[in-house]
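What follows is a set of notes on a single structure, which appears directly below.
Only the coordinates and a few stated rules stand behind these numbers; no lab work does. All values derive from a computational prediction rather than experimental measurement. Here the Cβ positions follow ideal geometry from the backbone for every residue, glycine too, while neighbour counts run over all protein chains shown.
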Amino acid sequence: MGKQNRRRRTGRAARTDGPALDATAVSSDPERIADAITAAAVASAQGNAVAVQRFIEQLAGSGPLTYELADGVRLAGQRVVDRVFQYGWLPMDVHQVARRRVDEFAVGYLTDVMAAHLAPFAPELVDETWRAQLDELAARTWWAGAQPHLIQWATRQLLSNTEAVTTVVAALALLVGLPKLELIRPLPGSANVHPATHHGVDEKVLGRVRGLLAKAESTSFPEEAETLSAKAQELMTKYALDRVLVGADTAVPDLPGARRIWLDTPYVEAKALLVEVVTRANRCRAIFVAAWEFMTVVGDDSDLDAVELLTTSLLVQATRAMIATGNQTIRSDESRSRAFRKAFLTAYATRIGERLAAANESTIAESTNPARLLPVLASRQRTVDEAFDTLYPAVRSRGITIRSAEGWEAGLEAADRARFQGHSAKR
């Protein structure tokens, strides 16, 4: 959202006139300012925009941003972000929900707050997932110590006082409305953090898989794309099976981990099904949180790597196949409808799941020692199931409503073109 839109939104009338917020009562005490900003965020989350906007204008004032205000904003941001992290949200989760629900100024502000939150912790006391996610977001404490973050950030973004405080309140309003999630990674500073606990896929194998998937995404021929994807799945499966046998000889097997995969609209339910079938094919369990458009996947680290890589690529390929099918002139107008496209993706995911399962059975049967492998796989699956059931003791299943038979058939046809049997993939 651009600055002009932000300015127009700043003065826009709101729905309700919520509880009184008086900026004059907070004086110049940073602690009281932080409390008032947090209260304004709660009021904003409840829809009391008129009272909140009046409060923001009073607090921001017409002169330069004060150090006291900047310090109060810092305290409020750290308190709210700390609570969100205690609630199980990871840095990438905060970024994903923010980019869907607030503007780019608020997204950038939250990235800075997360970087500041992590800065005091020694690197060895920070879980590797946190470090990797913050690195991916390029989150760093870029601001100098001579002036508070709020002043330097507002200057950098060319925001007025009112715009800067409005952004802060909007960002914190988003966070105070977030629900409590399962804690799937240790918090920074936790005594239970052990460095280098991630036992993912070997980088050479990942390089080959990424190369195959990149080719699959770039080709304009669906059959070639699916063959390349099948080869990638085969490589990951063979690698995983080898690791399972090696791990069976160790005294302490790796415990299952968990990751969240965020899905973009539209057709989120159909895309979630595609993630689910890839998850099952890679010996993991998943749950879909529809209200927030993400899936949590539980499994061994190397299997979670496979799920992330393959689902990312297959979602790209499935969407492209859906659009290509809809653009064919021989198709009816229905092929461009939402019902058609949802049915297409659902059918595509269903068929791909069937073929992935068949490919895995073939790979296991062709392994060097299937008699030894099967009991070990069953034991690993029980461990994953137990970890999943501990996180989600009351899971409900629900179906997807399909309203386009033509879309369903087209999706099956697209998936049937895939050569997903491992032995038929080009080597």
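In table form, for the structure just shown:
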quantity	calculated
Added length on full extension, which subtracts the Cα-Cα distance from 0.36 nm per residue, S190 to E68	40.8 nm
Karplus-derived HN-Hα couplings along the range 228-241 (A = 6.51, B = -1.76, C = 1.60, θ = phi - 60°), whole Hz, x at Gly and Pro	5, 5, 4, 5, 4, 4, 4, 4, 5, 5, 4, 4, 4, 5
Cβ-derived FRET efficiency at R0 41 Å, A365 paired with S218, nearest 0.05	0.80
Mean-position separation - Cα centroids, the range 276-315 and the range 118-184, in angstrom	28 Å
Full-stretch length increase - A357, R372 - with 0.36 nm per residue and alpha-carbon distance subtracted	3.4 nm
Translational diffusion coefficient (Stokes-Einstein; Kirkwood radius from C-alpha pairs) of the range 3-176 at 25 °C, 0.890 mPa s, in µm²/s	150 µm²/s
Separation of the K238 and V316 label points, Cα + 7 Å toward Cβ, nm	2.3 nm
Packing rank of 342-348, 135-141, where each peptide gets the mean count of other beta carbons within 10 Å, highest leading	342-348, 135-141
Amide H partners (placed H, <5 Å) of G257, local residues excluded	G299, D300, D301
Order by protection proxy (mean Cβ within 10 Å, highest first), peptides 61-70, 350-359, 208-217, 305-314	305-314, 350-359, 208-217, 61-70
Protection proxy ranking, peptides 35-48, 379-392, average beta carbon neighbours within 10 Å, highest first	35-48, 379-392
Cβ-derived FRET efficiency at R0 45 Å, R99 paired with D29, nearest 0.05	0.85
Summed side-chain charge close to V277 - residues other than V277 whose Cβ falls under 13 Å, Lys, Arg +1, Asp, Glu -1	+4
Cβ-derived FRET efficiency at R0 41 Å, S337 paired with E124, nearest 0.05	0.15
